[in-house]
Amino acid sequence: MGPRPRPHSLVMMPTPFIVRSGEFPEREAHWLMRARETLIDVHPRRLAEWALGRVAWERAMAARGQATLAPQWLGHQQVSGYAGRFSISHTPDWAAAVVDKAEGLGVDIEVKGRKVSPEICQRMAHVTDQIDDPLSLWAIKEAAYKTLPAEIQSKVWLNSIAILNESFEVAGLSGRWCLYEHPDLVVCVAHRV
């Protein structure tokens, strides 16, 4: 069973598919080989995280009944043969992916207990933010950022994103977010409305 929205949430979101390193070793090896062929001068740890993220993406697509063999990446959050969007997040041992027909879609995962420095908290703060927990706020802002079109992402930073109660606003756009319960991770999915 996948993660569940936190009890206070009334926002309906696509459920992220979360995988742990070693859970699908053959698929990790496949994607790691592809990463080594195409991603030059990338640290081996980052290659492994990238590969794990693609395993999570495959599992999320399969859960929606979508084939994932030989995908052709079409750019920002798109892949051939699927009319919707996707988003991937990874840490050294975990990855999450979400797929949906939403215009903008984002997922972020953070390992529980990870500290967000006071300097980062100050740099990412927006005057109207309504979330007190720094790690949750970071995950929400990261997921919200991923919902933005590439041309807007290059012009904003996390302190441009106002996090309200289950919604966000940035650069004239707005969306919804939801935190999910998971024993080891802070998990957030966001989409633009």
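The values are calculated or read from the model by the stated rules, or taken from the named source; none is laboratory data. Everything numeric here is computed off the predicted structure, so don't read it as measured data. Positions of Cβ are backbone-derived with ideal geometry, glycine not excepted, and every protein chain shown enters the neighbour counts. Accessible surface is based on the protein model in full, side chains and every heavy atom, while ligands, DNA and RNA are left aside. Shrake-Rupley method; radii C 1.70, N 1.55, O 1.52, S 1.80 Å.
Semi-axes of the equivalent ellipsoid of the chain: what are they in whole Å, largest first, if each equals the square root of 5 times a C-alpha gyration tensor eigenvalue?
They are 26, 18, 17 Å, listed largest first.
Going by a ≥ b ≥ c, the root eigenvalues of the Cα gyration tensor, does segment 111-168 fall in the rounded group (a/c under 1.5), the prolate group (a/b larger than b/c) or the oblate group?
prolate
How much accessible area per residue does the chain have, counting only protein heavy atoms and a probe of 1.4 Å, in square angstrom?
On the way: 9950 Å² over 193 residues.
Per residue, the chain has an accessible area of 52 Å².
To the nearest 20 debye, what charge dipole does segment 147-193 have about its Cα centre, counting +1 at the Cβ of each Lys and Arg and -1 at the Cβ of each Asp and Glu?
Here segment 147-193 has a charge dipole of around 200 debye.
With the full set of protein chains in place, find how many percent of the accessible area of the chain is carbon and sulfur; take the probe as 1.4 Å.
Carbon-and-sulfur percentage of accessible area, whole number: 53.
Any idea what the dipole of the chain comes to, in debye rounded to 20, about its Cα centre with Lys/Arg Cβ at +1 and Asp/Glu Cβ at -1?
Result for the chain is approximately 260 debye, rounded to the nearest 20.
With contacts defined as alpha carbon pairs under 8 Å and 6 or more residues apart, what's the relative contact order of segment 93-154 in percent?
Once normalised by length, the contact order is 44 percent.
Lysine pairs, Cα distance under 18 Å, 8 or more residues apart or cross-chain: how many in the chain? Show your work: numbers first, answer last.
Values: K101/K146; K112/K141; K115/K141; K141/K155; K146/K155.
The number of close lysine pairs in the chain is 5.
With a 10 Å radius around each residue's Cβ, average the other Cβ atoms per peptide and rank 175-186, 139-150, 39-50, highest first.
Averaged packing, sorted descending, gives the order 139-150, 175-186, 39-50.
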